[in-house]
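See structure below.
The values are calculated or read from the model by the stated rules, or taken from the named source; none is laboratory data. These numbers were taken from a predicted model, which means no experiment stands behind them. In this analysis, Cβ positions are derived from the backbone assuming ideal geometry, glycine residues included, and neighbour counts consider all displayed protein chains.
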Amino acid sequence: MKLSLEHLTMLRAMAETGSVTGVADRLRVTPSAVSHRIREAERRLGVTLTERAGGKLRLSPAGARLERAARDVIAIIDEAEGDARAMASGVSAFVRLGVTSYGPFRWIPRFIEHYATKRPDVEITLVTVQRDEVYSSLMQGKVDVSIIDDGMVPSGVERIPLFRDDLIAIMATDHPLAGKRSIQATDLRPYDFVTYSIERANGWEYDRFFAPASTLPRRMITVELIEAIVELVRSGYGVSILQRDLVVPSLERGEIAWAHLNKGLDISWNAIIRPHEPAGGEVQPMVAELTRWLKRRQNSGQAQAGRKERRRRVAVN
């Protein structure tokens with residue numbers, strides 16, 4: 001290996017800042033030190049790592065290739081350092097839990113706290129995984145468990161069903177559709193639709209709600225943050241379809257209205273792990289406890305919903 005971690009860090013900073021002074025500020029060194037480090041790396045490899053374009057400094061193709069590798073190397077070292085610090089406080093094992101940006105994440109912090117009381121020697125860390133990288137991240141060891149919906153489950157993994165969650169339409173409390181218990185796809189045709197992805201994913205609203213009706217809302221607006229979608233809907237900017245669990249706090253506060261899709265559509269969520277994961281490891285016991293914890297949570301939620309419905313009926317009568 002001809003380059004040091006300092007060289008890789010410099011290339012990473014160059015890609016992010018696009019200037020020698022920017023790299024110097026980021027690394028807290030002088031601009032001349034950055035220039036020296038670039039020349040040193042080029043001399044060691046015998047290749048040009050930067051080039052000028054339109055008066056600006058940028059990475060050459062060779063520099064860009066090294067920078068992509070530097071991202072992975074630096075991330076691995078950062079993670080290892082974090083693991084080492086955790087081990088100093090009594091942690092002896094780690095389980096990396098992969099979640100997608102739109103996955104059921106609201107309850108995950110509570111489960112992590114719960115598991116820490118049972119297994120303080122095991123630390124669960126969250127890793128955000130892109131939809132098309134779920135399988136590779138699992139098989140390459142970047143994550144140990146991923147929580148994904150039925151439409152994402154790849155072949156060659158072990159699948160453990162976890163729970164089901166309703167897909168619901170949400171809208172502002174003064175929206176024309178507010179107050180309807182159930183809506184059809186054609187009901188959304190006159191309105192703007194706010195969504196985190198326009199991908200036609202199996203099992204989701206495009207596949208099971210819009211496509212069978214051969215219709216779409218008036219305009220599709222892509223917003224990648226769930227919180228931003230809820231806020232836009234609350235303010236009357238458009239309507240959306242999300243998993244109920246993601247919007248429970250807003251529903252309980254009365255900030256938005258909701259309706260079933262047709263007579264009801266839901267999404268099945270699963271944990272996937274590598275095939276033949278050793279039973280004596282930490283992954284399978286964590287997933288088993290997650291399954292039990294989610295079942296207790298679901299039963300508690302159903303009981304609470306039943307009590308609310310009984311109180312509602314008494315109030316009406």
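Pairs meeting the criteria (first residue in the stretch 244-258 and over 18 Å from THR195 (Cα atoms), second residue among the small types (Gly, Ala, Ser) and surrounded by 20 or more Cβ atoms within 10 Å (Cβ to Cβ), beta carbons under 7 Å, at least 6 apart or on different chains) are lacking. Scanning the stretch 56-76 for residues that are acidic (Asp, Glu) and within 12 Å of MET14 (Cα to Cα) turns up just one, GLU67. Condition (residue is assigned to a loop (DSSP other than H, G, I, E, B), modelled with pLDDT under 95 and at positive phi) applied to the stretch 273-285: is it met by at least one residue? Yes, the stretch 273-285 has at least one match. With respect to (1) in a loop (DSSP other than H, G, I, E, B); (2) touching a strand residue (DSSP E or B) at 6+ places or on another chain (Cβ under 7 Å), the lone exception for THR125 is condition (1). Against the criterion of being touching a residue at least 60 places away in the same chain (Cβ under 8 Å) and surrounded by fewer than 18 Cβ atoms within 10 Å (Cβ to Cβ), LEU5 qualifies. Scanning the stretch 31-52 for residues being more than 15 Å from THR17 (Cα to Cα) and free of Cβ contacts under 8 Å to residues at least 12 places away in the same chain gives a total of 7. Applying the condition of being among the polar types (S, T, N, Q) and at pLDDT below 90 to the stretch 81-124 and asking which residue is surrounded by the most Cβ atoms within 10 Å (Cβ to Cβ) yields THR100. When you check ILE160 against the structure, is it at pLDDT 90 or above and within 30 Å of ARG200 (Cβ to Cβ), yes or no? The answer is yes for ILE160.
Residue check: is VAL127 surrounded by 16 or more Cβ atoms within 10 Å (Cβ to Cβ), touching a Leu at 6+ places or on another chain (Cβ under 9 Å), in the same structural domain as VAL283 (by TED's automatic domain parsing) and closer than 29 Å to LEU8 by Cβ? No; evaluated as a whole, the condition is false for this residue. Counting residues in the stretch 291-300 that are over 22 Å from LEU97 (Cβ atoms) and part of a strand (DSSP E or B) gives zero. Each residue in the stretch 111-150 was checked for being within 24 Å of ASP166 (Cβ to Cβ) and among the charged types (D, E, K, R), and 3 of them qualify. If you filter the stretch 189-223 down to residues that are of a type in the set (A, V, I, L, M) and either more than 27 Å from the chain's Cα centre (by Cα) or surrounded by fewer than 18 Cβ atoms within 10 Å (Cβ to Cβ) (or both), you find that the one that is farthest from LEU242 (Cα to Cα) is ALA213.
Hey, any hits in the stretch 143-160 for a residue that's among the basic types (Lys, Arg) and surrounded by fewer than 17 Cβ atoms within 10 Å (Cβ to Cβ)? Yes, the stretch 143-160 has at least one match. On the given criteria, is ALA279 among the hydrophobic types (A, V, I, L, M, F, W, C) and without any contact (Cβ under 8 Å) to a residue 12 or more places away in the chain? Against the criterion (among the hydrophobic types (A, V, I, L, M, F, W, C) and without any contact (Cβ under 8 Å) to a residue 12 or more places away in the chain), ALA279 qualifies.
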